[in-house]
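A short worksheet on the structure shown next.
The values are calculated or read from the model by the stated rules, or taken from the named source; none is laboratory data. Note that the structure is a prediction, hence the values are computed from the model and not measured. Virtual Cβ from ideal backbone geometry, glycine too; neighbours counted across all protein chains shown. These accessible areas exclude ligands, DNA and RNA; they are computed on the full protein's heavy atoms, side chains included. Shrake-Rupley method; radii C 1.70, N 1.55, O 1.52, S 1.80 Å.
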Amino acid sequence: MQEKIYNLTAQDFIKAFGARLNDFSSVCHRIIQKSNFHYKQVPPEKQTVILDEIKKNIDSNKFFMAGESKRSFWNDKWSDQLKNFTTKKQKIDALVPKYFIKPMSRFNGGFIIPLKNDFEINWSRVYKYWLFKKYFKNVDNIYEFGGGTGMNMPILADLFPQKKLYCSDWVESAVEIYNLMAKKLKWNLSGFVFDMFRPNYSLEVPKKSAFLTFSSLEQLGRNYRDFIEFAIQKKVDLFVTVDSIEELYGKTKYDNLARKFIIKRNYLKSYLTFLRNLEEKGRIKIIKIQRIRFGNLYHDGYSYIVWKPIKN
């Protein structure tokens, strides 16, 4: 029997994002129409085998651990990406890290096999065009912290050519990518070095500014409190976090392994609980919490939380 092939529609994206039809832009529809979002579902008996293999891999302690000691690792990694970006004459696709290309993904409580290698890349483009337009449309300045290769800048620059963009990372090689983009592509973008473990309060943050962390706050593990305090003290209008959020996982084997994975890798720990405590104290207001049921084999990496400080 031939395996059934599924295809993601605009309505599937809207439901997954917790979006509304009227804030789903024509750009998002166009990307969906032009991209191949066909996939096969992994049958239940094979999913059990995959879960057992995931557990075995997690228990093997073979994974890279996040943390403050990994600065040199990331500097080397983004140095290679800088060379790739330069060699390819500043083509945007050179910003995509190799780990985005994978044969299988988590999706809606199970596993799927995309028919095209660029499935996640295009999925994330739809997501970012929606998320960024919805939450950053009313600010004048957008700061990304832990920008990595600067993958989000092309979308932000396309959506908001008149806004001032700032992209930071804790290593120089990444910042070189941002400033090269700004120079060659003539974007309203500035790159700067910033260590989220040790926030630099001399950074001037003007009014009508938003902060973005996209799969970067995870690298702080439990040590994010100083950075959150920094954002509160700078009185940003909005803070958008996209990451694997421990508290959003359920109690199934599928979710328990995801939680075990992020703990094993020293990823973001008790972040949502911390934000809720701040909200109870009247220091912040949480605007939106949304689990996104999509990611790699090990966890859902695209869930988002939107909050803002209470300005006195």
What is the residue count in the stretch 244-288 for residues that are in contact with a Lys or Arg (Cβ under 8 Å, 6 or more places away or on another chain) and within 17 Å of Ile232 (Cα to Cα)?
6
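One line per residue, one yes/no per condition, for (1) open to solvent by less than 40 Å² (accessible area, probe 1.4 Å); (2) within 23 Å of Met196 (Cα to Cα); (3) without any contact (Cβ under 8 Å) to a residue 60 or more places away in the chain:
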residue: Thr241; (1), (2), (3): yes, yes, no
residue: Glu246; (1), (2), (3): yes, yes, yes
residue: Ile262; (1), (2), (3): yes, yes, yes
residue: Asn266; (1), (2), (3): no, yes, no
Only one of (1) closer than 30 Å to Trp170 by Cβ; (2) at pLDDT 95 or above; (3) open to solvent by 80 Å² or more (accessible area, probe 1.4 Å) is not met by Tyr99, so which one is it?
(2)
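Within the stretch 17-43, can you find the residues that are touching a residue at least 60 places away in the same chain (Cβ under 8 Å) and not hydrophobic (A, V, I, L, M, F, W, C)?
Here is the first cut: in the stretch 17-43, the ones touching a residue at least 60 places away in the same chain (Cβ under 8 Å) are 17-19, 23-25, 27-28, 31-32, 35-42.
Answer for the stretch 17-43, where residues must be touching a residue at least 60 places away in the same chain (Cβ under 8 Å) and not hydrophobic (A, V, I, L, M, F, W, C): Gly18, Asp23, Ser25, Ser35, Asn36, His38, Tyr39, Lys40, Gln41.
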Would you confirm whether or not the stretch 199-214 contains a residue that is free of Cβ contacts under 8 Å to residues at least 60 places away in the same chain, surrounded by 20 or more Cβ atoms within 10 Å (Cβ to Cβ) and under 26 Å from His299 (Cβ atoms)?
no
Does Gly147 meet the test of being in contact (Cβ under 8 Å) with a residue 24 or more places away in the chain, in a strand (DSSP E or B) and either open to solvent by 10 Å² or more (accessible area, probe 1.4 Å) or on the phi < 0 side of the Ramachandran plot (or both)?
no
Going through the stretch 102-144 in order, the residues found to be open to solvent by 10 Å² or more (accessible area, probe 1.4 Å), charged (D, E, K, R) and closer than 14 Å to Leu189 by Cα are Asp140
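In the stretch 175-184, which residue that is open to solvent by less than 60 Å² (accessible area, probe 1.4 Å) and touching a residue at least 60 places away in the same chain (Cβ under 8 Å) is nearest to Lys164 (Cα to Cα)? Outline the logic, then answer.
Taking the stretch 175-184 first, the residues open to solvent by less than 60 Å² (accessible area, probe 1.4 Å) are 175, 177-178, 180-182.
Then drop every residue that is not touching a residue at least 60 places away in the same chain (Cβ under 8 Å), which leaves 177, 180-181.
Details: Ile177: 17, Leu180: 16, Met181: 14 Å.
Looking at the filtered set, the residue picked out is Met181.
Considering only the stretch 173-287, give the strands (runs of 3 or more DSSP E) lying wholly within it that have at least 2 residues that are of a type outside the set (Gly, Ala, Ser) and closer than 24 Å to Ile54 by Cβ. If you could, list the steps in order and put the result at the bottom.
On the way: elements: 189-193, 209-214, 238-243.
Strands (runs of 3 or more DSSP E) meeting the threshold: 238-243.
Look at the stretch 150-172 and say how many of its residues are assigned to a helix (DSSP H, G or I) and either over 20 Å from the mean Cα position of the chain (by Cα) or of a type in the set (Gly, Ala, Ser) (or both).
We begin by selecting, within the stretch 150-172, every residue assigned to a helix (DSSP H, G or I); these are 153-159, 172.
Subsequent filtering for residues that are either over 20 Å from the mean Cα position of the chain (by Cα) or of a type in the set (Gly, Ala, Ser) (or both) retains 157, 172.
Looking only at that region, the number is 2.
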I'd like the full set of residues that are at pLDDT 95 or above and assigned to a loop (DSSP other than H, G, I, E, B), limited to the stretch 302-312.
Tyr302, Ile310
All but one of (1) touching a residue at least 60 places away in the same chain (Cβ under 8 Å); (2) open to solvent by less than 60 Å² (accessible area, probe 1.4 Å); (3) over 28 Å from Pro103 (Cβ atoms); (4) not hydrophobic (A, V, I, L, M, F, W, C) hold for Gly282, so report the exception by its number.
(1)
Residues of the stretch 5-52 being more than 22 Å from Phe132 (Cβ to Cβ), open to solvent by less than 40 Å² (accessible area, probe 1.4 Å) and touching a Leu at 6+ places or on another chain (Cβ under 8 Å), which ones?
Tyr39, Ile50, Leu51
